[in-house]
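As C-alpha cells, the structure follows; a few thoughts come after it.
What follows is calculated from the coordinates using simple rules that are stated; it is not laboratory data. On a predicted model such as this, the values are computed, not experimentally measured, just so you know. A quick note on method: Cβ atoms are made from the backbone with ideal geometry, for glycine too, and the neighbour counts reach across all protein chains shown.
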C-alpha cells in the first residue's frame, strides 16, 4: 500500500505508519498492539 512512501519521506519518520491485517485477525492484532503499548489512531 505504501510502496513508494519511503522514497518520498526518506528516513525522517514524519509520516504515520499503516498496518494492514485481515478482518478476521483484527481483534488479535489490536490486542497485540495494546499489549506492546502501541496506540492506534482511528
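Compared with the direct C-alpha span, the chain from residue 19 to residue 36 gains 4.6 nm at full extension, assuming 0.36 nm per residue.
Order of 17, 30 from fewest to most other C-beta atoms within 10 Å? Ranked by crowding around the Cβ, least crowded first: 17, 30.
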